[in-house]
Amino acid sequence: MHTFVLVVHIILAVLMIGLILVQHGKGADAGASFGGGGAATVFGASGSGNFLTRLTAILTALFFITSLTLAVFAKQQTTEAYSLKSVQTTAPATTNSGETSPAAPKTSE
């Protein structure tokens, strides 16, 4: 699941970059009207602009969702890595004799 969300995230990033580079800026139409041939650019149809703007907004929302999902996955991985559930515990060794260690020298009593 993590890999799938990551692949979708990368594809969305590339598509957003392409869409943003294709779009015209708001100042480009006004600047072209002063020296580049007229009123057709200022009063022209902006149908393709609305479509590209909506598509960019949708891709941005999906990119935001995949970013949050990847952040949740990363948080779960770090929680599992640093939790005490992964620590192996062993039972303490019991000593039957009065010695402090098994390698201690024998005393004659």
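The values are calculated or read from the model by the stated rules, or taken from the named source; none is laboratory data. Worth saying up front: this structure is predicted, and the values here are computed from it rather than measured. Reconstructed Cβ throughout: ideal geometry from the backbone, glycine too, with neighbour counts over all protein chains shown. SASA here: full protein model, heavy atoms, side chains in, ligands and nucleic acids out. Shrake-Rupley method; radii C 1.70, N 1.55, O 1.52, S 1.80 Å.
Applying a 10 Å radius around every beta-carbon, put 10-17, 74-81 in order of their mean neighbour count, most first.
Descending mean neighbour count gives 10-17, 74-81.
Using a 1.4 Å probe and ignoring any ligands, DNA or RNA, find the accessible area of PHE64 and quote it in Å² to the nearest 10.
Here the accessible area works out near 120 Å².
In nm, what is the difference between 0.36 nm times the number of residues separating PHE73 and ILE10 and their Cα-Cα distance?
On the way: separation 63, 0.36 × 63 = 22.68 nm, distance 1.59 nm.
Gain on extension, PHE73 to ILE10, equals 21.1 nm.
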